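Here the structure comes first, spelled out in C-alpha cells, and everything after it is commentary.
The values are calculated or read from the model by the stated rules, or taken from the named source; none is laboratory data. Bear in mind that the values here come from a model prediction, so they are computed numbers and not experimental data. FYI the Cβ positions are ideal-geometry reconstructions off the backbone, even for glycines, and counts take in every protein chain you see. Calculation scope for accessible area: heavy atoms of the full protein, side chains included, ligands and nucleic acids excluded. Shrake-Rupley method; radii C 1.70, N 1.55, O 1.52, S 1.80 Å.
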Amino acid sequence: MKVLLVNQCMVIGGTEKLIKDICEYYDRDKIDLYLATDEKGIWDKDVDSKVVKHFYFEKIKERYNTFDKIMKHFFHKPLYKTLEEEFDVCIIYKESLYDHIQYVKAKKYILWAHEDYYYNKLKYMKGAWWKLPILLSLKRQYLKKYDAIVACTENTRESYEKYHKIKNVKVITNSINELEISTLSNEEINLPNDFKNNYIVNVNSLSERKRVDLLVDLFYECLQKDSSLKLVIIGDGDCRQIVEERIAYYNIAESCLLFGETSNPFPYIKHATMMVSAAYHESYGLSVAEAMYFGVPCVCLYNRGVAGFIENGINSITANSNEEFIKEVLKINSNEEYRQMLAENAKISMGKLSDIKGYVKRVEDFIFNI
C-alpha cells in the first residue's frame, strides 16, 4: 500500500514528532511510505532515509477557481502544483492544510486533526472576526471530501462535531515515544553552574499562541517572592525578539535563560524541578506530557489540550488565573513533599500512555480498515 503523509514542515514540534515516529516504526513489509511538505525543515534528514521519497509542493501563481481566489486574497494561502504520483491513502496533518487534498491524487483521504477548532475560532474573533464565517463555509466544502477525520484528543473531536457538524470523528490519542526519549534524556545538559541544580523549564516554540512573553511576566512575579528561582526557555520562533525584550526589560537575564532551539530537549526536561507553560492553546501538549513521563510536575495556564491528561492538583496543575499560576509555582518550589506527590503521580499516569509502537500499529490498522 502506498501511503503519503502531508505536513507543512518537519520542524521540531509535537505533530512532527509523531510523524517522525511513524516513519521510524511503520511496517515496511505492508506499506510504502512517502512524505510531502510545503517547506524544508530541521528533521528532513531524520525522516528522508526512512521513507520511499520526500516531495516538496511546488508553488504556482495561477488562480483557477473562486475558492482559491478568495483564500489567496483574504487568507494569503499559497497554491501548489498537484503531485504527479498517485497513492492509495493520503493522510493530511494539521487543520490548516485541509485544502491540500486538491494537490494529491489518492484513492482515500484522511485528515489527522492536531488542532482544536475552538482555538481557531477565538483567534479569528480576536483579529478579523469577519473571516470566521467565510472560512467555516469554505472549509466545510473540503471536509466533505475526506473519507475519514481522526482527532488526537476528545476536545478536537468535539470541536469538529460542534463547529463543522461532522459525526463519527475517530479519536486516536497521541503517544509518547518512551523508547527514544529515555535514551536521549541520558545526555549531559549544558547549562551555567548556577542553573544546573534547581531550575524550571519551558519547552515551546516562541510563537504567539505559546505566550512565552506572558510566561516571562509571570516568572518575574515569582522572582519577587523567591529570588532563588531559575527559568530555562528552550525553543525559537517568530516571537523571540519580544521574549528577549521582556527579559531585558525586567533585567532578569541572570535568572531567565533563553536557551534557544535544540534537537534534544529531553535531558533539560528530565533534570528540571518543574515545567511551566502559559500557552492558551495546545492540541495535546506533548512536551508537557513528556515532562510528566519523567516525573517532572507541570504548572500550565488552563488550556483544553493539557486538561485532557492533567488531573489538577493530583499529577500536575492547570491554573485558571495568573495568580493561581504564581501561587502553584512557588508552592512546588518550596514544598518538596508536595512536589514529590505530583511527580510520582505524573510519572504513573503518563507511563500508562506511553506505547509508541502500539500507537503506530493503531495508525496502520486504521489505514488498512478505512
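Okay, here's what the table says:
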{"quantity": "Full-stretch length increase - residue 353, residue 61 - with 0.36 nm per residue and alpha-carbon distance subtracted", "calculated": "100.6 nm"}
{"quantity": "Spin-label model distance (nm) - residue 340 vs residue 225, 7 Å beyond Cα toward Cβ", "calculated": "2.4 nm"}
{"quantity": "Area of residue 344 that stays accessible when all protein chains are in place (1.4 Å probe, Å², to 10)", "calculated": "110 Å²"}
{"quantity": "Note, ³J(HN,Hα) from phi for region 330-335, Karplus 6.51, -1.76, 1.60, rounded to Hz, x at Gly and Pro", "calculated": "5, 5, 5, 5, 9, 10"}
{"quantity": "Region 1-51: GluC sites (Glu not before Pro) in DSSP loop, at most 16 other beta carbons within 10 Å", "calculated": "39"}
{"quantity": "Rounded to whole Hz, the Karplus (6.51, -1.76, 1.60) HN-Hα couplings of region 349-359, x for glycine and proline", "calculated": "5, 6, x, 6, 9, 10, 7, 5, 5, x, 5"}
{"quantity": "Å² per residue, accessible surface of the chain at 1.4 Å", "calculated": "46 Å²"}
{"quantity": "Protein accessible area in the chain, 1.4 Å probe - carbon and sulfur %", "calculated": "47 percent"}
{"quantity": "Total lysine pairs under 17 Å (Cα atoms) in region 133-246, excluding pairs fewer than 8 apart on one chain", "calculated": "12"}
{"quantity": "Fraction of beta bridges assigned by DSSP in the chain that are antiparallel (%, nearest 5)", "calculated": "5 percent"}
{"quantity": "Cβ-derived FRET efficiency at R0 22 Å, residue 40 paired with residue 105, nearest 0.05", "calculated": "0.40"}
{"quantity": "Cut-off under 5 Å, modelled amide H: who pairs with residue 275 long-range", "calculated": "201, 298, 299"}
{"quantity": "Accessible area of residue 368 in the full protein assembly, 1.4 Å probe (Å², nearest 10)", "calculated": "80 Å²"}
{"quantity": "C-alpha long axis of helix 131-143 to longest principal axis of the chain, angle in °", "calculated": "60 degrees"}
{"quantity": "Surface accessible to a 1.4 Å probe, residue 268 within the full protein complex, Å²", "calculated": "20 Å²"}
